[in-house]
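Here is the structure we will look at, set down as structure tokens.
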Amino acid sequence: MASASTREAREKYELKQRAVKFYDENGVPKKMEEILNSMFYDNPDDVYGHLANYFAHFAKTPLISQVSSRHGFDSKGQTTVQTDMYCTVRNDKKLSASIVSSSTNSSLPENTKPEDREEEDKSREAAVEAAIALLNGDINTRLQGVDPGLQSDVDNILMKLYNELKAEEDERLAKEAAELAASGGDGGSPVKEEEASISGKKGGKSSAKDGGQTVQNKKKGGKSVTVVVVPDDPKEKLLPGAGSVCVASRAACTAAATVKDIPLYQHIAALRFGETPKDMRLPIPMVTVIQSGRSAPGKLNCVKEFMVVPKPGMPLSESLKYCQKIYNYVTKNFVTKSGMAAQYGNDIGALCPSYDKPEQGLDILQDAITSLELTPGEDFFIALNLAGKEIFDYEKGKYEVMGGQQKVPEDLVEFWVELLGRYPSVIAIIDPMRKQEKEHWMRLCDKISDRCLVIGNHAYPRPGLLLEEELTEEFKTSGIVLKLDQLNTVSDILDCAKKMEEADNQIVLTTCYGETTDTFLADMAVGMNARFFKIGAPVRGERIAQFNRLIQIENQLKLEGRLAYHGENVFPHIAPPPLPEPEEGEEVAQEEEKKEDKNKKK
């Protein structure tokens, strides 16, 4: 009995010693003493809440424990990806983020017949299935145990996985091509019309110098002009399910803000600037009222979106009301002229009238602004999305600005200079032409950039690729449109914004087609200090959700005394790069050409 009692006492003593060691190693007695002493003087209303808040600071960093994905639906009723991210927070598994992504953007025009969309619908469905499989499989496995607050680490893991999958796919395709060649096949495949247009193979002679087409065009007066059509850059082929990268990146960013118990925009600001700025600026909304272009009725092709932009410094709660009133004024005007059907908008809520020339859209927006006792060009401005790439005729080397009216790049420059000269309220244009017309793009910038921003959208590759490129003097812009979708990660967007701001570019964050009521982008626009937020029309739930979130953030920052607005519009002049010095032989040839031209004129 004595030995059993002694053994039990020894075990209790050893257990007590282990407990003392455990608590000492974790600093529990010291921390308990500190909080109990200080709490007596603090005299909090909620004693246990005070204790919980104190000890929460010493808890382990929350880590990702699970990524769970399933089918969801976007604003168009299309299948998309809905993803939850769970984190282990103070020993409990908690839902920290729930993301519903926008669906894949369509490469087809909006007026495409339903039967022609079947192939793309199938492709999108396959992409959604592949994304869900990736999120529930490899992405879930690789992100487990990762701190969601380390955004760059999360995004590097995601891109490493994607690159591995891409390398495997490339290897498989190369092997199939080799086997086909060995069996006597040519290893080729029919070229689709879209691919032909991208590679410049829709007609015309190839230029040995730049791989483009040489097209003869006649200007007024019968003078023939040779236009070299430089092909578009090859379109990046993404793997099915590439959108899972963006979804997981967004989910991690949201989860990090949740576990830190801070607003999402504040967390994004810390990622962008290294710390949360004292004052935070709200973006200036770019609100689409009218959509035209090739997919809309009427002859007007050269303007895809007519947008209104409030002046810098106008509170969002005020400017968004004006945007709504401008939209209502235009709607009422259309209904009066064309009947009730004219009030219905497209997928982004924009009105789609039958316009034949750009002046029609510009005039009605200016009338709408004036009707509110505001001054166009002072209180409210206009921005135009020109989507130049969409109206380029690869066979003729011309831009079809209006039905039956085409212009070579040189004439297109003069067209926009003349039009914008008559409408000084236009302060921004997006993609006036293709990037391949560098010389004419820069000539346009030289003539208008000191009063109008020339912004690139499709002129640039996705942010991840743009970060690897070196910006040159041969092609410059006043701003860039950034979009968070597909293979774009949060880190890519933030790093690209920093790079372009250093190059004197204004940042425009845009929503996508097929959006959802997820308001991540509103927080991101604030957190990354984007100057403009291209939202779409001031109607439809998925767009209004962004408006409401911006107003909520504005109110929060105002209560905290941290609210700020962007300063006055600034238009840095963009000059073409200096011409290279001609060689001695070239100088003689140029002089001979000048003499010949003078003789012809005589």
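Taken over the range 41-90, the residue count meeting the criterion of being over 32 Å from the mean Cα position of the chain (by Cα) and either in a loop (DSSP other than H, G, I, E, B) or not hydrophobic (A, V, I, L, M, F, W, C) (or both) is 16.
Identify all residues within the range 502-518 that are surrounded by fewer than 19 Cβ atoms within 10 Å (Cβ to Cβ) and assigned to a loop (DSSP other than H, G, I, E, B); write none if there are none.
A503, D504, T517
Among the criteria (1) closer than 26 Å to K311 by Cα; (2) modelled with pLDDT under 95; (3) of a type outside the set (K, R), the one E473 does not fulfil is (1).
For every residue, the table says whether it meets (1) within 24 Å of G514 (Cβ to Cβ); (2) in a helix (DSSP H, G or I); (3) open to solvent by less than 20 Å² (accessible area, probe 1.4 Å).
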residue	(1), (2), (3)
Q266	no, yes, no
P285	yes, no, yes
L320	yes, yes, yes
V335	no, yes, no
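Output the residues belonging to the range 251-277 that are small (G, A, S), in contact with a strand residue (DSSP E or B) (Cβ under 9 Å, 6 or more places away or on another chain) and within 17 Å of D147 (Cα to Cα).
Residues of the range 251-277 that are small (G, A, S), as a first pass: 251-252, 255-257, 269-270, 274.
Subset that is in contact with a strand residue (DSSP E or B) (Cβ under 9 Å, 6 or more places away or on another chain): 251-252, 255-257, 269.
Within the range 251-277, A251, A252, A255, A256, A257 meet the criteria.
Filtered by the rule that a residue be open to solvent by 20 Å² or more (accessible area, probe 1.4 Å) and within 15 Å of I544 (Cα to Cα), the range 291-317 gives a lone residue, S317.
Hey, could you check the range 385-406 for residues that are assigned to a strand (DSSP E or B) and more than 30 Å from the chain's Cα centre (by Cα) and say which is surrounded by the most Cβ atoms within 10 Å (Cβ to Cβ)? Steps first, please.
First pass over the range 385-406, keeping only residues assigned to a strand (DSSP E or B): 385, 392-393, 398-402, 405-406.
Checking which are more than 30 Å from the chain's Cα centre (by Cα) leaves us with 405-406.
Numbers: Q405: 15, Q406: 19.
That would be Q406.
Give me the residue from the range 27-75 that is surrounded by 13 or more Cβ atoms within 10 Å (Cβ to Cβ) and of a type in the set (D, E, K, R) and, out of that set, farthest from A97 (Cα to Cα). Per the stated criteria, the residue is K31. Considering only the range 458-503, state which residues are closer than 20 Å to F571 by Cβ, out of contact with any Leu (no Cβ under 9 Å at 6 or more places or on another chain) and touching a residue at least 24 places away in the same chain (Cβ under 8 Å). Listed by number, the residues that qualify are A459, L471, E473, F475, K476. Here is the figure for the range 468-501: residues that are in a helix (DSSP H, G or I), under 23 Å from L444 (Cβ atoms) and open to solvent by 50 Å² or more (accessible area, probe 1.4 Å) total 1.
Among the residues of the range 353-376, the ones that are open to solvent by 50 Å² or more (accessible area, probe 1.4 Å), outside any helix (DSSP H, G or I) and within 23 Å of S319 (Cα to Cα) come to 2 in all.
Criterion first (hydrophobic (A, V, I, L, M, F, W, C), under 29 Å from K311 (Cβ atoms), open to solvent by 10 Å² or more (accessible area, probe 1.4 Å) and in contact (Cβ under 8 Å) with a residue 24 or more places away in the chain) does V417 satisfy it? Working first, answer last.
Details: hydrophobic (A, V, I, L, M, F, W, C): yes; under 29 Å from K311 (Cβ atoms): yes; open to solvent by 10 Å² or more (accessible area, probe 1.4 Å): yes; in contact (Cβ under 8 Å) with a residue 24 or more places away in the chain: yes.
Criteria met by V417.
The values are calculated or read from the model by the stated rules, or taken from the named source; none is laboratory data. Given the structure is predicted, the values throughout are model-derived calculations rather than measurements. A quick note on method: Cβ atoms are made from the backbone with ideal geometry, for glycine too, and the neighbour counts reach across all protein chains shown. Note: areas computed on protein heavy atoms with side chains; ligands, DNA, RNA excluded. Shrake-Rupley method; radii C 1.70, N 1.55, O 1.52, S 1.80 Å.
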